[in-house]
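Worksheet: one structure, shown below.
The values are calculated or read from the model by the stated rules, or taken from the named source; none is laboratory data. Predicted model only: the values in this text are computed from it and were never measured. Cβ coordinates were reconstructed from backbone atoms using ideal geometry, including for glycine residues, and neighbour counts include every protein chain displayed. To get the accessible areas, we keep the full protein, side chains included, count just its heavy atoms, and leave off ligands, DNA and RNA. Shrake-Rupley method; radii C 1.70, N 1.55, O 1.52, S 1.80 Å.
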Amino acid sequence: MKPDILVICGPTASGKTALAAALARRFGGEVVSADSMQVYRGMDIGTAKPTRDETLGVPHHMLDVADPSENYSVARYVAEAVPIVDDILARGKLPIVAGGTGLYIDHLVAGRQFAPFEADSGLREELQARVRSEGLAALRLELEQVDPEAAARIHPNDEKRTVRALEVYLSTGKTITQHDRESREVPPRYTPLTIALNFQERPWLWERIDRRVDEMMERGLEQEVRRLLADGVPRDCTAMQAIGYKELAAAILEGRPVSNGAEEVKLRSRQYAKRQLTWFRRDRQAHWFQWEKIPDFSAALAFSTELVTGSGLQ
RNA sequence: GCCCAGGUAGCUCAGUUGGUAGAGCAGCGGACUGAAAAUCCGCGUGUCGCUGGUUCAACUCCGGCCCUGGGCA
C-alpha cells in the first residue's frame, strides 16, 4: 500500500530535527512534531525544540500548543494533530511526522479511539489518593474483579496502568480490555513510510547526548528552568517531568550546583534513549539509518530521498 | 627506605573460619492504548593485582613481587 505520510523517529539526539526539516524542504513538506514535551510553551532549550534557523523556513506544527501547567495527553495530541496532517494532505503537501514520542506517533497513525470521558474529572486523583491510603494491592484486587484480563496483563507494581484501567472502567462502565479490543479494529488512519535514526554504536549516541546537554547549559537551560519555577509551574505536573527540567529544578531547589544536575540530565537522557530504541525497534516496517561516529548528513539525506521517491510518497 | 591500610564486576564496596563470589549504582534486553522525557518487568556482565608454596582443593592461609592511599623518615 502506498504511503501517505513520512515518519522520522529515533532516540533523543539522533538528528531527527535536521533530517525532517531538510526533507520537508526538498519535497515541499511540512513538519508535524510528535514530541510530548515540545508541545509546551517556554520549554525550548531543554526540549531541543527546533530553533528558527533549524526549521529552514519550513512550517513546523504541534510545537508550543500548551501551557506547561496544563497536562497534555496523547488524546489531545491526536485530536490536534490529525486535522493538521489532513490539512497538509488536502493542500497536496507531504506531512512529515518527526519526533521521539513513540506513543504519540503510533496513536496518530493507528486511528485508535480514546474512551469518551473527561480526562480531568478528578477521578484519577481520587484513585491515586486511594493507592496512598489503601495501597496498590487493594486497587489491584478491585481490578481483578471487574477486568481479570487487564489484571493479568498489568504487573502488580505498575501503579499507572492499574489506576488507568480502573479509571476507564469507572468512568465509562466499559473495561479497558474491551475498549482496547474495539480500538484495535479501527483501520489505520495513515500509511506511514518510517525512517528510524540511530548510531551504529551506543557510545557514539552517548557522546552526542553529552555534548548536547553541555550546549543546553551554555544556552541557558538553568534560566529557562528558573523561569518556569518563578511562573509557578507545579513541580509535579507533566511538563516538569521532562528530562533536563526535573533534574535542574531539583538541583536548584536543593541548593546543589547545577553542574551536578546537568550530569544527571546526561544520565537520564541516555536511559531515555534506550527506552525509545526499544519502542521503535518494535516497528518491523521502519527503515533504519545508522549514523557513523561522525554523522554524514548527505548520506542520510540520500538514503531518505531514495526511500521517499521509491515508495511513491512523492 | 620503614610502618600501616587496601588491590574482588564499568564504579563504590561486601564476602568466603579453604569447596572458583554478590549488593547498590552504571549497563543490557523487554513491555507499553487519555501522565509516555512517564511507568513497569527481566538479566551479573569477573584471570578475586602478579607469582611461588602449603592443600584433594587457594579468591581465602604463608612467602616474594608489583600497584594505590596514608604515616614515619
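Taking a straight Cα-Cα cut-off under 26 Å and skipping sequence neighbours fewer than 8 places away in the same chain, the lysines within cross-link reach of A:Lys266 are A:Lys16, A:Lys49, A:Lys160, A:Lys246, A:Lys274, A:Lys293. Note on chain A: with charges restricted to the Cβ of Lys and Arg (+1) and Asp and Glu (-1), its dipole about the Cα centre is near 680 debye.
Against the criterion of solvent-accessible heavy-atom surface with a 1.4 angstrom probe, A:Leu228, A:Leu136 sort, most first, into A:Leu136, A:Leu228. Only protein heavy atoms count here; under a 1.4 Å probe, A:Lys246 has an accessible surface of about 70 Å². Ordering A:Leu205, A:Thr55, A:Pro187 by Cα displacement along the dipole of chain A toward the positive end leaves A:Leu205 in first place; charges were set at the Cβ atoms of Lys, Arg (+1) and Asp, Glu (-1). Shown in residue order for segment A:51-59 are the 3J(HN,Hα) couplings computed by the Karplus curve 6.51 cos²θ - 1.76 cosθ + 1.60 at θ = phi - 60°: 7, 4, 5, 5, 6, 6, x, 8, x Hz (x for Gly and Pro). Ranked from largest, the principal axis spans of the Cα set of segment A:175-305 equal 50, 48, 21 Å. For A:Leu197, the residues whose modelled amide H falls within less than 5 Å of its own, excluding neighbours fewer than 5 places apart on the same chain, are A:Cys9, A:Gly10, A:Phe289.
Per the Debye formula on identical point scatterers at the alpha carbon atoms of segment A:114-201, with no solvent, log10 I(q)/I(0) at q = 0.17 Å⁻¹ is -0.74.
Per residue, the solvent-accessible area of chain A (1.4 Å probe, heavy atoms of protein chains only, all protein chains present) comes to 50 Å².
The string of couplings for segment A:164-174 from the Karplus curve (6.51, -1.76, 1.60, θ = phi - 60°) is 4, 4, 5, 4, 4, 5, 5, 9, 10, x, 10 Hz, one whole number per residue in order, with x for Gly and Pro. Taken one residue at a time, the phi angles of segment A:206-216 give Karplus couplings (6.51, -1.76, 1.60, θ = phi - 60°) of 4, 4, 4, 4, 4, 5, 5, 5, 4, 5, 4 Hz. Gly and Pro are set to x.
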